[in-house]
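Worksheet: the structure to be examined is printed underneath.
Just so it is clear, none of the values below were taken in a lab; they were calculated from the coordinates. Since we're looking at a predicted model, the values are computed, not measured. All Cβ positions, even for glycine, are placed from backbone atoms using ideal geometry, and neighbour counts span all protein chains on display.
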Amino acid sequence: MPLETVTRFAPSPTGDLHLGHAYSALVAASLGNGFTLRIDDIDHTRCRPQFVDGIYDDLQWLGLQWQGNPVFQSHRLEAYATALEDLRRRDLIYPCYLSRAELADVLSAPHTAPTATDTVLPASEQTRRAEEGREPAWRLRTADALRITGPLTWRDLRNGMDVPVDMKAHGDVVIARRDIGTSYHLSVVIDDQLDRITLVTRGADLSESTHVHRVLQALLDIQPPDYLHHDLVTDEAGTRLAKRDAARSLRQMREDGICATDIVGNMPKIPSVIEP
Ligand code: GLU
């Protein structure tokens, strides 16, 4: 890896970490020359401080030392709001007042991605909801955005290819949730820029999100990092590990006196980096 490669490990403190997180942290630590620890705590409805302490303890137990101070998304709400305002000013996002149930109704098939949801409710009803003080979600005008950006790609260092951006699965993706005023997508794009991340390592379950991130980077004039999406750790039955599965948490393993070097030694191989 080039000396200047900076990666990050970005857990959400919504539960105890499991082996999948340990592997993710190990990939970040192995492929970066120093990794940033970012606590993804924008979702105040689900994040809990005790899980932040658990993250520190788990990483220390695993012998994985992050660089500098941990970074908290909850300290960066202003930066996200500024980026959102920029997109709003340029009319690249629109407010969506549909409830979850109304949204489900307008999508004909379960996996249809929402588009132009601002045309579903009559303007008078949208005004009424706004006057009532209802917060909207803010959605990207994806077709307009892609007209502005032109064709985009992101650099996939797992497969050594430039992947064409495809937004079909996302449609007019939510850029700011009504309850938290930002979204995973908007926040990580700003964070990775602020933290000067050069290589984003994360699980393969997030590779679809990279398409959205690349569009936002282009719109916000942000230099894109490279990406490596690693395989997910599964249990013996091949099922993805989940935070609710307390028996397999790293905390439980620590408390049971399991040796961290055994855990690290039994991890799947760290993927090699392949330049396109
Ligand atoms: N916080 C996210 C998670 O725990 C990861 C975000 C990212 O790596 O982009 O799944």
Any hit, the range 26-40, residues being hydroxyl-bearing (Ser, Thr, Tyr), closer than 24 Å to Glu255 by Cα and more than 10 Å from the ligand (Cβ to nearest atom): no
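Going by the structure shown, is Gly133 in a loop (DSSP other than H, G, I, E, B), over 30 Å from Pro271 (Cα atoms) and in contact with a helix residue (DSSP H, G or I) (Cβ under 7 Å, 6 or more places away or on another chain)?
no
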Any chance Lys269 is within 30 Å of Ala116 (Cβ to Cβ) and over 17 Å from the mean Cα position of the chain (by Cα): no
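Could you check the range 208-218 and list, in sequence order, the residues that are more than 10 Å from the ligand (Cβ to nearest atom) and buried (at least 20 other Cβ atoms within 10 Å of the Cβ)?
Answer for the range 208-218, where residues must be more than 10 Å from the ligand (Cβ to nearest atom) and buried (at least 20 other Cβ atoms within 10 Å of the Cβ): His211, Val212, Arg214, Val215, Leu216, Gln217.
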Matching residues in the range 49-90 - criterion: being assigned to a helix (DSSP H, G or I) and over 21 Å from Thr36 (Cα atoms): Ala81, Thr82, Ala83, Leu84, Glu85, Asp86, Leu87, Arg88, Arg89
Count - residues of the range 184-207 that are assigned to a loop (DSSP other than H, G, I, E, B) and within 12 Å of the ligand (Cβ to nearest atom): 3
Filter result (over 19 Å from Glu275 (Cα atoms) and not small (Gly, Ala, Ser)) within the range 188-210: Val188, Val189, Ile190, Asp191, Asp192, Gln193, Leu194, Asp195, Arg196, Asp205, Leu206, Glu208
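Matching residues to (1) surrounded by 20 or more Cβ atoms within 10 Å (Cβ to Cβ); (2) more than 19 Å from Val174 (Cβ to Cβ):
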{"site": "Ile39", "(1), (2)": "yes, yes"}
{"site": "Pro49", "(1), (2)": "no, yes"}
{"site": "Tyr56", "(1), (2)": "no, yes"}
{"site": "Tyr80", "(1), (2)": "yes, no"}
{"site": "Pro95", "(1), (2)": "no, no"}
{"site": "Leu98", "(1), (2)": "yes, no"}
{"site": "Asp105", "(1), (2)": "no, no"}
{"site": "Leu121", "(1), (2)": "no, no"}
